[in-house]
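The values are calculated or read from the model by the stated rules, or taken from the named source; none is laboratory data. A quick note: this is a predicted structure, and the numbers were derived from the prediction, not measured. Neighbour counts run over all protein chains shown; Cβ positions are idealised from the backbone, glycine included. Quick note on the areas: whole protein, heavy atoms, side chains included, nothing else; ligands and nucleic acids left out. Shrake-Rupley method; radii C 1.70, N 1.55, O 1.52, S 1.80 Å.
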Amino acid sequence: PTRRSSDLTGTAHDLRVEAIRGLPKAARAEVLPLLVLHEQPVLSTSTYEAITSACALMESTAVDRQIAVDVPRCHSYHPLISSSHGRRSLSRILRTFSLVHVGEFAYFQGLDSLAAACMLYDYSNDTLAFNMLTGIVRQHLRDVFDPDTNMDALRCRVDALCAALGFVDAELFSHLHDVGFSPDLYAYPWFITLFAHVVDLDTTLMLWDTLLLGPARLVPLVAACLLTLQRERLLGADFDTCVEVAMHISPTTAREALRRGVELLTTTPATIGRYDELSDEEFSEPLRAVAYLSGPDLAALDPATLVYVDARSPTAAAGAPLAGALAMDGPAAGGARLEHFLVLPLHHK
């Protein structure tokens with residue numbers, strides 16, 4: 001049933017719980033910024049306007065020239081974003097972001113898609129769009145837009161996607177690997193923009209109701225579901241067709257991927273989709289499709305559907321043996337011992 005704005009009552013925590021379930025469109029512009037910007041530093045309208053005025057007087061930079069290239073093609077199908085007012089506002093928001101956060105965040109392509117989505121919370125309020133953009137980057141994409149950690153951050157997210165896809169659909173993962181369709185080729189825009197680059201803006205805001213308030217690992221889980229929902233097309237596809245599928249996501253597919261991703265939060269071990277752990281390990285390619293679990297996680301899994309490979313050191317394995325686990329001969333991942341089990345599903349469910 002359709003939910004109404006009047007259904008949303010209670011404390012900030014109550015609102016967060018309700019918002020994760022999806023917000024009524026009429027309430028989104030008020031509720032989601034309230035939750036995202038809660039206890040976050042924000043610019044006042046007067047400060048924002050003063051900075052944008054100063055930007056207009058500054059000499060053009062390489063970032064300004066890149067913004068001038070990106071803005072005209074950013075969601076050009078959208079009547080508000082593609083209007084002269086929309087493009088002017090988007091340019092101002094991006095230039096102001098780059099100036100205010102110089103030394104903290106770098107401008108990377110994809111920031112324009114994030115900013116365009118933020119504009120739709122209240123099209124007449126550029127200050128809100130700027131503050132939302134800042135809040136989203138700080139809370140969810142800080143390492144992505146930090147020039148010192150950008151590539152490592154994206155690589156960790158890609159590894160999390162590989163582990164999630166390999167866990168829920170090993171056959172599809174293997175096929176994509178065999179045709180050379182690496183997530184490095186398509187998933188970076190997904191993660192940089194929280195899917196705003198590959199779905200329409202209205203669908204983006206629907207996804208963000210949950211993604212911005214849910215756990216971080218939900219993003220790789222949803223990414224994996226975007227692929228499994230199209231497994232029949234992908235399994236019979238060559239490289240070029242795979243690219244087409246990955247870069248054009250329908251609203252229906254995106255909504256269902258979100259629903260399934262949320263389900264996976266409770267039906268998969270807590271380490272599936274995590275990218276804030278094990279990030280300092282250099283995993284070899286064959287190990288990227290498996291799940292790395294600690295001992296307690298194994299208790300929640302059905303041993304009849306899984307193969308366990310014990311990648312721990314001989315001492316650790318002898319101290320707490322796992323019945324039925326296969327031993328890994330030699331050091332894992334180029335010399336580094338992993339103090340975890342590797343878990344591979346036996347079949348796709």
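A few points about this structure:
- With all pairs of different C-alpha atoms in the average, the Kirkwood value for the hydrodynamic radius of segment 87-243 is 16.5 Å.
- Where 181, 239 fall by accessible area, highest first, once all protein chains stay in place (1.4 Å): 239, 181
- Full extension of the segment from residue 238 to residue 34, taken as 0.36 nm per residue of separation minus the current Cα-Cα distance, would add 68.9 nm.
- Listed peptides 67-74, 193-200 by packing density, highest first (mean Cβ within 10 Å): 193-200, 67-74
- Each Cα pair under 8 Å and six or more residues apart adds its sequence gap; the mean of these over the residue count of segment 42-113 is a relative contact order of 36 percent.
- Estimated distance in nm for a label pair at residue 124 and residue 138, the labels positioned 7 Å out from Cα along Cα-to-Cβ: 2.7 nm
- Accessible area of residue 61 (1.4 Å probe, protein heavy atoms only, ligands and nucleic acids ignored): about 60 Å².
- Simple spin-label estimate for residue 49 and residue 231 gives 5.5 nm between the two label positions (7 Å along the Cα-to-Cβ direction from each Cα).
- Burial ranking of peptide ranges 25-32, 210-217 (average Cβ count within 10 Å, highest at the top): 210-217, 25-32
- Across the protein chains, with a 1.4 Å probe defining accessible surface, the residues 77, 121 rank 77, 121 from largest area downward.
- Relative to one another, the C-alpha centroids of segment 15-91 and segment 164-237 are positioned 25 Å apart.
- If the segment from residue 149 to residue 42 were pulled out straight at 0.36 nm per residue, it would be longer than the present Cα-Cα gap by 36.1 nm.
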